[in-house]
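The values are calculated or read from the model by the stated rules, or taken from the named source; none is laboratory data. Only a predicted model underlies this, so the values are computations on that prediction, with no experimental measurement involved. Cβ: placed from backbone, ideal geometry, glycine included. Neighbour counts: every protein chain shown. Quick note on the areas: whole protein, heavy atoms, side chains included, nothing else; ligands and nucleic acids left out. Shrake-Rupley method; radii C 1.70, N 1.55, O 1.52, S 1.80 Å.
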Amino acid sequence: MRPVRCGRPRERPHVTDQQPTPREFGFVDRHIGPDPDAVATLLHTIGVESLDDLAAKALPAGILDQLSGDGVAPGLDALPPPATEADALAELRALADSNTVAVSMIGQGYYDTLTPPVLLRNIMENPAWYTAYTPYQPEISQGRLEALLNFQTMVTDLTGLEVANASMLDEATAAAEAMTLMQRAVRGPARRLAVDTDVFAQTAAVLQTRAEPLGIEIVTADLRRGLPEGDFFGVIAQLPGASGRVTDWSELIASAHDRGALVAVGADLLALTLITPPGDIGADVAFGTTQRFGVPMGFGGPHAGYLAVHSAHARQLPGRLVGVSKDVDGAAAYRLALQTREQHIRRDKATSNICTAQVLLAVMAAMYASYHGAEGLTAIARRVHGHARALAAGLSAAGVEVVHDTFFDTVLARVAGRARDVQAAAKERGINVWCVDDDHVSVACDEATTSGHIADVLAAFSAEATAGEYAGPAPAPRRSAFLTHPAFTRYRTETEMMRYLRSLADKDIALDRSMIPLGSCTMKLNAAAEMEAVTWPEFGRQHPFAPSSDTPGLRRLISDLETWLSGITGYDNVSLQPNAGSQGEYAGLLAIQAYHAARGESGRDVCLIPSSAHGTNAASAALAGMKVVVVGCRPNGDVDLDDLRAKVTEHADRLSALMITYPSTHGVYEHDVADICAAVHDAGGQVYVDGANLNALVGLARPGRFGGDVSHLNLHKTFCIPHGGGGPGVGPVAVRSHLAPFLPGHPLAEELGDALTVSAAPYGSASILPITWAYIRMMGAQGLRSAALVAIASANYIARRLDEYYPVLYTGENGMVAHECILDLRGITKATGVTVDDVAKRLADYGFHAPTMSFPVAGTLMVEPTESESLAEVDAFCDAMIAIRAEIDKVGSGEWSVDDNPLRGAPHTAECLLVGEWTHPYTREQAAYPLGAAFRPKVWPPVRRIDGAYGDRNLVCSCPPVEAFA
Ligand SMILES: *Cc1c(COP(=O)(O)O)cnc(C)c1O
């Protein structure tokens with residue numbers, strides 16, 4: 001039989017004398033999109049000789065670092081020579097092997113969990129999920145928006161409250177957000193918050209940090225005895241408490257309400273399947289973590305915290321909130337709701353500084369709840385509780401006092417003076433328990449606990465398992481139903497779950513389908529080799545408060561990173577504790593305030609912020625108790641030096657800091673940066689350089705050397721941690737030595753000292769640090785510098801190619817931009833009525849994700865290609881933008897009306913093209929395949945343009961009934 005032939009007949013082999021030059025590809029070649037020929041094309045288009053010539057023309061000479069004789073940038077000599085993927089993974093393996101994976105029964109907010117492999121493989125290890133960006137373009141983000149809506153529904157159902165947001169950074173910061181939320185909601189003069197003594201140590205520490213600059217006084221008391229005397233705006237208690245105790249808080253809640261205070265309860269979601277949830281006893285707010293829903297402890301993070309409120313307080317919620325709305329055809333569709341509360345809009349008046357949150361982990365937790373459902377979660381909770389009761393029974397039988405007779409998973413034992421011995425005996429059996437003090441040991445059970453573990457722990461107490469039942473009472477049971485929506489009943493088999501996850505991911509554009517040219521977001525490659533170690537149990541299955549002898553490999557990795565990041569930035573010290581850029585900003589500003597205070601200048605509280613700054617800057621300054629004074633910009637986009645000098649003079653006595661972004665959020669290297677820094681220093685102020693744009697500086701200039709005192713970096717931008725659909729992130733704060741004493745501390749990590757704590761875990765989102773470690777390790781000094789240069793070259797190339805179609809708003813000296821460029825559509829909009837929204841949505845029809853819309857300038861698009869995109873991809877994007885410009889011109893010329901054209905109609909679903917009569921002045925081909933079917937793989941948006949305002953007026957933030965989609 002003749003073989004069936006598919007496709008085109010094979011062409012005759014191309015005969016040539018030239019054989020390809022053999023060349024092995026290293027990691028740098030894999031990471032950087034344009035190859036040497038493509039780079040030559042970029043440089044030719046820009047009109048520079050070489051990448052070094054580009055650097056010399058784009059960056060101010062005063063800050064540009066000169067290479068040493070061996071071609072290494074100063075500071076980057078701290079880095080080892082680049083390793084191959086295989087070698088870097090072998091080194092990570094060796095670091096992992098030096099850690100000990102003990103059985104963790106420490107508890108205190110972190111519990112071992114069994115991640116269903118279907119979720120590990122299809123979410124955590126799947127680029128369709130982990131490389132997505134925050135769903136600001138909802139039409140191409142319906143998959144992750146649905147997953148987040150499931151998360152919100154899961155949280156409201158389990159807590160018994162009405163509205164939950166789409167994840168918080170961790171439990172302790174969620175408690176702090178609950179505090180400020182209650183204060184805003186009460187609106188009274190009271191400035192005191194009552195906190196129960198039995199909250200987690202890290203929660204108490206973060207509350208204390210956050211309260212002080214806001215003038216909130218925390219009164220810590222045993223709230224079982226009722227609310228202390230005096231006026232309070234709010235009360236915080238925990239269920240179960242840090243000691244494991246389950247307390248019925250209903251009386252406290254009633255009396256707090258009588259006295260005009262709101263109540264927030266930190267609650268364990270697994271426990272809430274069995275015990276009465278906070279909402280059912282009248283609490284106003286619930287907060288906590290969703291870590292034990294399938295997300296590894298990860299030495300402290302990342303995991304999704306949660307925050308839920310009564311609907312009366314919905315508008316006070318911080319962070320992102322997913323809501324249901326409808327598209328232009330009336331179909332139900334999801335998008336981020338009430339964004340008017342956020343720092344992007346309200347700046348220092350925002351409800352919070354949270355930007356990057358914990359989306360990927362929220363998706364994991366939500367899907368864990370879907371996979372197990374109410375029945376499965378309840379069964380797991382019963383098993384956990386059963387182990388705790390068996391432990392308590394054995395201890396009681398052996399005469400060991402069990403301190404609290406009502407508990408869920410954690411048993412507190414009194415062992416007069418023997419606590420360290422019991423801890424050591426448990427350790428000998430491979431188990432970590434928690435030593436509260438010399439007289440008390442607490443043992444937490446979790447999903448991974450077995451009867452064997454209980455027997456071993458009992459042996460450590462010189463007790464043994466007993467057949468007898470524990471006599472203590474069961475906690476007050478849960479009576480309300482939960483997780484009844486089909487989202488939590490349909491996906492019980494692996495086949496169903498696998499397909500559900502695939503169907504959701506298929507609705508979205510992540511980096512696995514297209515470049516994501518979002519300015520200020522640095523959507524570069526997240527290499528598989530970088531990601532690999534994240535899910536190794538030696539890194540993932542580590543409790544943040546495990547004995548330090550368990551984690552030498554992680555500690556080594558952390559200290560390597562601190563050294564490397566110090567070298568790259570030119571600072572002296574780095575803290576990895578902040579778990580997002582916003583948190584790094586906050587930690588950095590606190591360090592500045594503490595420095596001034598230590599020098600007897602605590603009156604300095606003015607923070608100068610240019611009008612072009614990211615919204616988080618102003619929001620963080622407000623949280624740090626500072627007064628924000630806005631500095632204007634010149635018509636060319638630079639900070640207005642005259643206005644700066646005037647404001648410095650005006651506020652000289654009270655000047656605390658200037659926060660500037662470098663290169664600026666306008667995408668240019670301001671040549672005056674050194675003068676700007678000097679003016680602030682001369683007046684006794686400190687300079688905060690927002691390092692979100694560090695991708696344009698690595699190996700070229702160091703903020704710690706050109707005038708900065710402190711910066712945060714976004715490891716999820718410059719250093720390859722994937723964005724996960726809106727988190728996780730890591731926002732290290734780097735300082736010069738005079739600020740080092742004020743870097744974050746932690747109550748449970750002696751080595752960090754007792755400075756203020758900004759995150760729940762000592763090293764924040766530690767388990768994703770191997771990503772950045774691997775990136776730096778594989779790139780080496782020269783690779784990193786090349787990456788920055790190619791990113792700059794690509795942005796300048798785009799600026800040159802698109803300028804005649806969309807004017808580039810700002811350029812620096814020699815007409816250069818930095819690593820991103822702003823395309824000004826305001827003139828086009830004025831002339832034709834076509835808006836940035838129209839262009840952004842139309843790009844989806846062409847198969848692209850839109851650039852950043854209307855930040856930092858309304859009516860513009862900001863494009864950042866990064867070094868990872870090939871010239872072919874960048875050219876395709878430019879071709880699409882140019883084709884869109886031709887479409888705009890047809891609107892401008894009147895060929896298409898402004899209300900009915902392919903831009904206004906975008907994005908087009910398959911349904912809108914196929915079903916019913918076609919009545920538009922453009923064809924269906926023009927709608928769906930504007931550059932032909934062969935241009936690039938077609939992305940079919942699942943919904944059409946979404947009406948955001950409708951959803952804000954009719955706020956629905958949990959899963960709608962299935963009929964809504966009929
Ligand atoms: C991204 C960004 C931030 C905020 O960082 P998150 O990690 O999202 O909190 C701050 N400033 C600038 C300029 C940014 O681009």
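Taking region 472-581 and the helices (runs of 4 or more DSSP H) fully enclosed by it, the elements with 2 or more residues that are away from the ligand (no atom under 16 Å from the Cβ), open to solvent by 50 Å² or more (accessible area, probe 1.4 Å) and over 30 Å from residue 90 (Cα atoms) are at 494-505. Only one residue in 88, 38 is outside the structural domain of residue 363 (by TED's automatic domain parsing), open to solvent by less than 20 Å² (accessible area, probe 1.4 Å) and farther than 29 Å from residue 667 by Cα, so which one is that? When all the criteria are applied, what remains is 88. Do we find that residue 72 is out of contact with any Leu (no Cβ under 8 Å at 6 or more places or on another chain) and more than 30 Å from residue 384 (Cα to Cα) in this structure? Yes. Does region 789-803 contain any residue that is more than 23 Å from residue 526 (Cβ to Cβ), in contact with a Cys (Cβ under 6 Å, 6 or more places away or on another chain), open to solvent by 20 Å² or more (accessible area, probe 1.4 Å) and assigned to a helix (DSSP H, G or I)? Checked against the condition, which is being more than 23 Å from residue 526 (Cβ to Cβ), in contact with a Cys (Cβ under 6 Å, 6 or more places away or on another chain), open to solvent by 20 Å² or more (accessible area, probe 1.4 Å) and assigned to a helix (DSSP H, G or I), region 789-803 yields at least one hit. The residue list 467, 460 contains one member that is open to solvent by less than 60 Å² (accessible area, probe 1.4 Å), in the same structural domain as residue 367 (by TED's automatic domain parsing) and over 22 Å from residue 379 (Cβ atoms), which is 460.
Scanning region 681-699 for residues that are away from the ligand (no atom under 16 Å from the Cβ) and buried (at least 24 other Cβ atoms within 10 Å of the Cβ) yields 685, 686, 699. The listed residues are 162, 139, and the only one of them that is touching a helix residue (DSSP H, G or I) at 6+ places or on another chain (Cβ under 7 Å), of a type outside the set (A, V, I, L, M), at pLDDT 95 or above and surrounded by fewer than 24 Cβ atoms within 10 Å (Cβ to Cβ) turns out to be 162.
A single member of 629, 648 is in contact with a Lys or Arg (Cβ under 6 Å, 6 or more places away or on another chain) and either part of a loop (DSSP other than H, G, I, E, B) or β-branched (Val, Ile, Thr) (or both), and it is 629. The residue that is nearest to the ligand (Cβ to nearest atom), counting only those in region 300-346 that are open to solvent by less than 20 Å² (accessible area, probe 1.4 Å) and part of a helix (DSSP H, G or I), is 343.
Only residues that are in a helix (DSSP H, G or I) and under 26 Å from the mean Cα position of the chain (by Cα) were counted across region 94-124, and they come to 10. Tallying residues that are more than 30 Å from residue 150 (Cα to Cα) and surrounded by fewer than 16 Cβ atoms within 10 Å (Cβ to Cβ) within region 932-965 yields 4. Scanning region 176-228 for residues that are under 24 Å from residue 246 (Cα atoms) and of a type in the set (Asp, Glu) turns up 177, 196, 198, 222. Show the residue pairs meeting these rules: Cβ distance below 9 Å; 6+ apart or different chains; first residue within region 439-451 and surrounded by fewer than 23 Cβ atoms within 10 Å (Cβ to Cβ); second residue of a type in the set (Ser, Thr, Tyr). Sorted first by the residue in region 439-451, then by its partner, the pairs are 440/243; 447/111; 447/113; 448/104; 448/111; 448/113. If you go through region 608-658 and keep only what is within 15 Å of the ligand (Cβ to nearest atom) and over 30 Å from the mean Cα position of the chain (by Cα), you end up with nothing. Restricting attention to region 732-780, the residues that are assigned to a loop (DSSP other than H, G, I, E, B) and crowded, with 24+ Cβ neighbours inside 10 Å total 13.
Somewhere in region 27-45, is a residue closer than 28 Å to residue 774 by Cβ, modelled with pLDDT under 95 and basic (Lys, Arg)? No, there is no match, as no residue in region 27-45 is closer than 28 Å to residue 774 by Cβ, modelled with pLDDT under 95 and basic (Lys, Arg).
Go through region 347-371 residue by residue and tally those that are away from the ligand (no atom under 11 Å from the Cβ), open to solvent by less than 10 Å² (accessible area, probe 1.4 Å) and among the β-branched types (Val, Ile, Thr). Count: 2.
Right, residue 194: within 25 Å of the chain's Cα centre (by Cα) and not in a helix (DSSP H, G or I) or not? Answer is no for this residue. Given the conditions (1) aliphatic (A, V, I, L, M); (2) under 30 Å from residue 866 (Cβ atoms); (3) in contact (Cβ under 8 Å) with a residue 40 or more places away in the chain, and given that residue 898 satisfies all but one, which numbered condition is not satisfied? Here residue 898 clears every test but (2). Are any of the residues in region 223-235 touching a residue at least 60 places away in the same chain (Cβ under 8 Å), open to solvent by 30 Å² or more (accessible area, probe 1.4 Å) and in a loop (DSSP other than H, G, I, E, B)? No, that holds for no residue.
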